[in-house]
Structures are given as C-alpha cells and as structure tokens.
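Only the coordinates and a few stated rules stand behind these numbers; no lab work does. None of the values given here were measured: they were computed from a predicted structure. Heads up, the Cβs are rebuilt from the backbone with ideal geometry, glycines too, and the neighbour counts pull from every protein chain shown.
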Amino acid sequence: MIPEVKVRRKEFEIFDAKEIQELLDSCEYGVLSLVDLNNKPYSVPISFFYYENNIYFHSATNGKKIDIIKKNPYACFVAVKPYSFLPSYFKNEKVACFAGQAYASVYFEGKINEINDKAKKCEYLDNLMKKYQPEGGYDPIEYENVNYAKTIENVVLFQLKTSYVSAKFKFEQHRSHENNKNLISKLRSRGSKIDEETIKMIEKFL
C-alpha cells in the first residue's frame, strides 16, 4: 500500500501504484536530500531501485553522505522523468505564459536504514543490477562468490523507508479536450521521439 499522497494541483495527482512503479523503473537516477552536520541542505544524485514502497541505494563506506546519514537519517528523495517542452506558441503566438514542461515525478520523505543482512544485501544489489543492466552479462550477486565477497563488504546498502509520497504527472490535464487534441497535432508535426512519448501520456489522461 502506498503511503499518504498529496499534490496541490489535484488534476496532476497520481495514486496508481503501477504508474508509480513504472515511472521509477524508468528513471535512471534520483536526488537524495539530507541536512548536513552544520544544519545546511545537502543533495546528491543517486542510482536507486524502488521496491515495496521503499527506495534502495548503495554507497561507499565513507564520505560526506555517510557521515550525514549516521547523524541524521531523515531524508527526502525525488525522481523526475522529463517529457516534451511545450512552447508557448503551440497555444498562443503572443503570450509567453503558455509555455510549459510535461513531466512525471515522485517525491518521498522517510528515514534511512542500513541493510546489514548479507543475504538481503546481495538480493537488493542484484535487483539494482537488474534495473540498470536487464540484459544480464554478469554472475548473480552472492556473498559466497569470491568475485563479490570483498566488494560486498566495502559497499553500504541503504533503505529509505518512506512515510510520505507525492506523485505528480503533468500532462496538460487542466486543459480542455479540444486544446489537448490541438496540442497533440502540433507535437506529432514536430515529431521527435520524446514528443511521441508525450503524446501517449497526454492521450492516457484525456
């Protein structure tokens, strides 16, 4: 079950767990935000995978990120998938305010826990590889494998156990059906690959 979800613009709000899972599976990285030892914000891009409503990521055994997490494990995380930029002249040839960006995003808040169990650590690191290298081409990650044992000891695996999630899919849902049909026509004429992907998302939410 997805935790509490809130979005200010309700027309962009997404509750569907499958949509959220598919988005996060397709995002190559996200940004983890922490509060450092001097009470200042610190953000870092990370590779990750999403499983059972939580975010998993790995790290070296030392460094600024590790130092902060040890002192303050509370964090937020955001992943965004950009779609087409929608120029103002697609809607109005005189007013710049009509320009916009289509995108899908998910924002999380929660507490970071370290995964110490070796079997779980291997399982989750293997899941991370399956996300980024689904074609395989490597031996499964197992602690008993001498090729992995030392590496596993030198990698820290974290779980961001989420307490709050906000999913926002912005595909012109606030515009009329007629306006979006016109927008789709212009995107199709422009004809880039990202435009075709954007068209599919706009049509999904018509």
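If I take every Cα pair under 8 Å that is 6 or more residues apart in the chain, average their sequence separation and divide by the length, what percent do I get for the relative contact order?
26 percent
Longest span of the chain, sites excluded, free of GluC sites (Glu not before Pro) in DSSP loop with at most 12 other C-beta atoms within 10 Å?
No qualifying site falls inside 145-206, the longest such stretch.
How would Y83, Y42, Y138 line up from fewest to most surrounding beta-carbon atoms within 10 angstrom?
Arranged by neighbour count, lowest to highest, Y83, Y42, Y138 become Y138, Y42, Y83.
Counting only trypsin sites (Lys or Arg not before Pro) that sit in a DSSP loop (anything but H, G, I, E, B) with at most 12 other Cβ atoms within 10 Å, what is the longest stretch of the chain containing none of them?
Longest site-free region, per DSSP loop and neighbour criteria: 95-206.
Pick out which of A149, A104, A79 has the largest mean-square fluctuation in a Gaussian network model of the chain, springs linking Cα atoms closer than 10 Å.
Maximum fluctuation in the GNM of the chain, among the listed residues, is at A149.
Which shape class applies to region 159-206: rounded if a/c is under 1.5, otherwise prolate when a/b exceeds b/c and oblate if not, where a ≥ b ≥ c are the square roots of the Cα gyration tensor eigenvalues?
Since a/c reaches 1.5 but b/c is at least a/b, the shape of region 159-206 is classed as oblate.
On a full-extension model of 0.36 nm per residue, what is the gain between Y164 and S88, subtracting their alpha-carbon distance, rounded to one decimal in nm?
Full-extension gain reported as 23.9 nm.
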